[in-house]
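Working notes, structure below.
The values are calculated or read from the model by the stated rules, or taken from the named source; none is laboratory data. Since the model is a prediction, treat every value here as computed from it, not as a measurement. No Cβ is skipped: glycine too gets one built from the backbone with ideal geometry, and neighbour counts run over all protein chains shown. Quick note on the areas: whole protein, heavy atoms, side chains included, nothing else; ligands and nucleic acids left out. Shrake-Rupley method; radii C 1.70, N 1.55, O 1.52, S 1.80 Å.
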Amino acid sequence: MLAGAPILPLASSLSAVTLLTACNSGSDNPFLDKPSFNNVSFQSMAAPNMTNPAAMATTSVSSTLTTNFSDGSTQAWRLAYQPFFVTGDQVADGKGGSILSGGYYDINNQPIIDRSISGLERQFFSDSPDGTSLLKLDNPTVTGVKGKAIFAVVQFEYTTRDQSLISMYGLLPSPIAVITLDQDQATGKLSVVKYHNVDTSSVNGLWITCGASLSPWNTHLSSEEYEPDATLVGAANSQLQAFSKNLYGDPNKASPYHYGHLPEVTVNPDGTGSIKKHYCMGRISHELVQVMPDERTVLMGDDWTNGGAFMFIADQARDLSSGTLYVAKWNQTSGTGPGAATLLWIKLGSATSAEIRALVNSGIKASDIMDVKTSDPADAIYTKIAYAGKFNWIKVKPGMEKAAIFLETHRYAALMGGSMGFTKWEGTTLNAKDKIAYVAMSRIETAMTNGSGGVQVEGPYSGAVYAQTLRGGQADKSGAAIPSDWVPVDMTAVPALISEDLGGGKFKQQDMLGNFANADKIATPDNLKFSEKMRTLFIGEDSNTHVNNFLWAYNVDTKALSRVLSCPAGAESTGLHAVDEINGWTYIMSNFQHPGDWESPLHDIVKPILDPLVRANFKGRFGACVGYLTAEAAQMKLSK
């Protein structure tokens, strides 16, 4: 009932439903016959175009959500976007003052200042908010909340540039914040009450935090992707040196081995947060890990060139501080399109986080762990492996196997026969009912198409979403039982979620707007999260083939793919988190980063018109949004 009138406030709507139920149920208790939730369907929006450039230069939503109930009734919701803030805004600190959202801090929790232009000095703030978790606690103690307190953990991946427009990618320690939100119980609206910057000094700061997930025990599982290569020292590792200078004030103090691990944030009732890093889950390009229902098995994204499929099984439920690490061998069954394979798991080793961190704190170096050559030494004691788009020849030093497993994970996994042939494995999410994990492969190129890492498929360049069947009773390569009922045994692309490059290949053909991939299908899928109750897979794009990146909803039962949100041109869809119910309300968290990050020739047609609009909307391209999909005039519910 969208045409002509806004949706009634939920209080009025609920009263009407209760009255109708009471009149027709024949029951003394009308709630015994209250209609139950059946399913939802999204009605897709059109992609914005140059007939309305303003829509292309901001977050645009014209999709709808329909909830279907057991009595045949429906509830329709007109969707919209509600930001908490644009990074760089001053927001409440919960102490009567304000704090810079997305602001950067050094190891002493002092603001890091952008001094690139004399007279315009200011604190750095991020234009790249990413992984977000929405959660509640039983007994929150934050003051100033009028409804109910809800908490969001938001991490900021990087900042694109300083004020002089010099690239700052990976040169600053990533901030992470706990945001206390006031949930209005009449409308479900969320409003910022307190912003707390988490002190990360105890974990040596954070390195390029990307996708994230909420653990079954209500903690935020962060990420550190593109770990610095520890074999590069001094000026050869200029990114690490600049990072160290900004974090410690000393370009040579940061150890590369402190980064590339899995951080975990616990939210406290007072709206603060504490953090730890797990050093036993492999030092890889972590992004968007997913904990299985056994609360021990963790499937991990590895956003890397020559990346792998990794699995960690914790020794104890709800405790990631010790366990066993595995890598998969891709036994290809099809090389057509995105390809398909069965998976055989190779046990790499077991460790505690404490023992691996102790190795790092002892000052261990790459040269202590293995010999690494970047050209063929013509010596049979070295093994040739694919690494980061190139080849290495490596030899592990005697007695250093455990250090190699957990600190040089990419190299060691290749040495042990893991298929290190994936490109931009962006993350994993779970459909628990069907025991299927979904994997976003953002681009299918180089390592996946040339066979260098044990994978050789055709494409498409703009990526695909794969499905993995999960089973118990599996054995690893050595024949030993794998102690989990959630082991991926195969991997194949979901037909509706394979991108379609125009012209049949990478950058072959553009449409009239500039898109290199079909705008009515996904392209370069990145963030993805599954809603169990909605039976819907949400997919956000990080595309260099779509002019605007989109957020999609894919119903796994009906196979319907719907565009639900369009990001500003040049921005990446991030921070995805599907929340079926929190105090009765339903939320789809959605951020975006780096609006107006123009690429040529992709944006050549639209840039002259859109650039001034994007600059006006988002602080001269230095700001980006943290927020969520809302509905008019009240937040969505999956119940009556």
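Couple of notes before you dig in:
- Looking only at residues in the range 90-111 that are open to solvent by less than 50 Å² (accessible area, probe 1.4 Å) and assigned to a loop (DSSP other than H, G, I, E, B), the one that is nearest to SER174 (Cα to Cα) is TYR104.
- Selection over the range 380-423 of residues that are touching a Phe, Trp or Tyr at 6+ places or on another chain (Cβ under 8 Å), among the aliphatic types (A, V, I, L, M) and either closer than 13 Å to ASP302 by Cβ or open to solvent by less than 20 Å² (accessible area, probe 1.4 Å) (or both) gives a count of 9.
- Among residues of the range 230-245, those that are surrounded by fewer than 19 Cβ atoms within 10 Å (Cβ to Cβ) and assigned to a loop (DSSP other than H, G, I, E, B), counted: 2
- Residue pairs whose Cβ atoms lie under 8 Å apart, separated by 6 or more positions or on different chains, with the first residue in the range 477-502 and under 18 Å from GLN290 (Cβ atoms) and open to solvent by 40 Å² or more (accessible area, probe 1.4 Å) and the second among the acidic types (Asp, Glu) and not in a loop (DSSP other than H, G, I, E, B), do not occur.
- Looking across the range 63-88, the residues that are part of a loop (DSSP other than H, G, I, E, B) and touching a strand residue (DSSP E or B) at 6+ places or on another chain (Cβ under 8 Å) come down to SER63, SER70, THR87, GLY88.
- Checked against (1) open to solvent by less than 40 Å² (accessible area, probe 1.4 Å); (2) over 23 Å from SER590 (Cβ atoms); (3) in a loop (DSSP other than H, G, I, E, B), ILE208 passes all but a single condition, namely (2).
- Taking (1) open to solvent by 10 Å² or more (accessible area, probe 1.4 Å); (2) touching a residue at least 60 places away in the same chain (Cβ under 8 Å); (3) within 21 Å of the chain's Cα centre (by Cα); (4) closer than 30 Å to LEU181 by Cα in turn, TRP304 satisfies each apart from (4).
- The residues of the range 120-164 that are part of a loop (DSSP other than H, G, I, E, B) and under 26 Å from the mean Cα position of the chain (by Cα), listed by number, are PHE124, SER126, ASP127, SER128, LYS136, LEU137, GLU157, TYR158, THR159, THR160, ASP162.
- Search result, residues across the range 309-342 that are in a strand (DSSP E or B), open to solvent by less than 20 Å² (accessible area, probe 1.4 Å) and over 20 Å from LYS402 (Cα atoms): TRP330, ALA340, ALA341
Matching residues to (1) free of Cβ contacts under 8 Å to residues at least 12 places away in the same chain; (2) farther than 30 Å from PRO483 by Cβ; (3) hydrophobic (A, V, I, L, M, F, W, C):
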{"position": "SER322", "(1), (2), (3)": "no, no, no"}
{"position": "GLY349", "(1), (2), (3)": "no, no, no"}
{"position": "ILE356", "(1), (2), (3)": "no, no, yes"}
{"position": "SER375", "(1), (2), (3)": "no, yes, no"}
